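Remarks on the structure that follows.
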Amino acid sequence: MTEYGTQPAAGRDPARKGTGQDGSRHAVHDNGAQVSTGKETAGIPDATIPELVIISGMSGAGRSTAAKCLEDLGWFVVDNLPPALIPTMVELGARSQGNVARIAVVVDVRGRRFFDNLRESLADLDARGVTRRIVFLESSDEALVRRFESVRRPHPLQGDGRIVDGIAAERELLRELRGDADLVIDTSSLNVHELRAKMDAQFAGEEEPELRATVMSFGYKYGLPVDADLVVDCRFLPNPHWVPELRPYTGLNEEVAAYVFDQPGAKEFLDRYAELLQLVAAGYRREGKRYVTIAVGCTGGKHRSVAMSEKLAARLAAEGVETVVVHRDMGRE
């Protein structure tokens with residue numbers, strides 16, 4: 001995909017208060033969610049009403065990338081949901097007791113006969129006082145043709161015609177929705193990372209995009225983890241396995257951990273690698289990467305790698321990285 005420039009689009013104020021058909025009012029929180037302050041809104045319980053984003057636009061313009069970005073930011077994303085079911089999805093989210101506070105729905109021409117129901121659903125959402133925004137992904141005909149040709153797939157509306165015929169039909173079908181969009185992003189000359197950056201700027205708020213890390217200990221004799229982004233080798237440290245009184249325990253044991261970090265170079269290695277991860281984490285955020293798996297290995301995955309994983313995860317957590325520790329091979333022998 002090539003670039004994504006943002007165009008301002010006339011639309012509703014996403015921070016307004018909603019009024020239901022029964023006259024109830026809904027206060028909007030900073031995150032866009034609403035809480036009923038009066039009677040129940042028709043069809044939606046007196047509970048937190050999810051914030052809603054509808055992603056639509058031209059096929060090949062980057063809808064999937066935009067949806068994935070919101071998913072990485074913690075949104076509940078539903079792809080190709082028939083428009084008639086959008087109010088039902090919002091109602092289910094409202095009944096989740098705050099567990100689903102933000103919903104993103106991808107609506108496109110794959111829905112075909114369902115697409116005509118979108119305007120009716122939008123009117124229904126407005127009547128219910130639901131805060132919703134429409135993000136429309138746009139692109140030039142030349143860019144769209146180039147993308148479809150590069151993946152050798154037909155346009156979903158071209159039928160027996162050419163790609164340009166399908167693009168023209170889709171553009172006409174979406175013309176009115178584009179006019180109603182709250183945010184129009186032109187993807188003609190941006191790459192995927194630039195689109196993600198624009199979505200982050202719109203929906204991540206003032207906070208830096210979150211990075212989540214999994215720190216996984218493993219044993220080399222059982223093979224490298226296939227999902228590892230980074231691999232750390234702790235086999236340069238003396239193995240507690242050869243200390244009889246430590247052999248039965250794991251790296252979670254305080255005596256084993258003390259033995260590992262009392263070895264020359266252990267603490268220095270932890271300090272230097274934690275510093276390196278700060279640089280890597282900043283780069284991942286810039287490139288739109290939200291998840292990283294750091295595999296820490298020793299021979300059996302029982303002593304050194306476990307102790308190092310625990311310390312490394314604690315360092316990451318102290319830096320504000322949401323971290324999960326997994327000991328893949330501990331207890332396997």
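Just checking, does region 74-87 include any residue being touching a residue at least 60 places away in the same chain (Cβ under 8 Å) and either surrounded by fewer than 19 Cβ atoms within 10 Å (Cβ to Cβ) or assigned to a helix (DSSP H, G or I) (or both)?
Yes, that holds for at least one residue.
In region 82-106, what residues are among the hydrophobic types (A, V, I, L, M, F, W, C), at pLDDT below 90 and touching a Gly at 6+ places or on another chain (Cβ under 8 Å)?
Val100, Ala101
For region 38-65, what are the residues that are assigned to a strand (DSSP E or B) and modelled with pLDDT of 80 or more?
Within region 38-65, Ile49, Glu51, Leu52, Val53, Ile54, Ile55, Ser56, Gly57 meet the criteria.
Just one of the numbered conditions (1) under 30 Å from Thr65 (Cβ atoms); (2) modelled with pLDDT of 95 or more; (3) buried (at least 17 other Cβ atoms within 10 Å of the Cβ); (4) aliphatic (A, V, I, L, M) is not true of Val192; which one?
The failed condition is (2).
Whether any residue in region 205-223 is modelled with pLDDT under 85, of a type in the set (Gly, Ala, Ser) and either farther than 28 Å from Gly57 by Cα or open to solvent by less than 30 Å² (accessible area, probe 1.4 Å) (or both) is what I want to check.
No, region 205-223 contains no residue that is modelled with pLDDT under 85, of a type in the set (Gly, Ala, Ser) and either farther than 28 Å from Gly57 by Cα or open to solvent by less than 30 Å² (accessible area, probe 1.4 Å) (or both).
Give Tyr291, Tyr259 a once-over and let me know the one that is over 15 Å from Asp233 (Cβ atoms) and crowded, with 16+ Cβ neighbours inside 10 Å.
Tyr259
What residue, among those in region 108-128 that are open to solvent by less than 70 Å² (accessible area, probe 1.4 Å) and within 28 Å of Asp200 (Cβ to Cβ), is modelled with the lowest pLDDT?
Here the answer is Gly111.
The values are calculated or read from the model by the stated rules, or taken from the named source; none is laboratory data. On a predicted model such as this, the values are computed, not experimentally measured, just so you know. As a convention, Cβ positions derive from the backbone with ideal geometry for all residues, glycine included, and neighbour counts pool all protein chains shown. Surface areas here come from the heavy atoms of the whole protein model, side chains and all, with no ligands, DNA or RNA. Shrake-Rupley method; radii C 1.70, N 1.55, O 1.52, S 1.80 Å.
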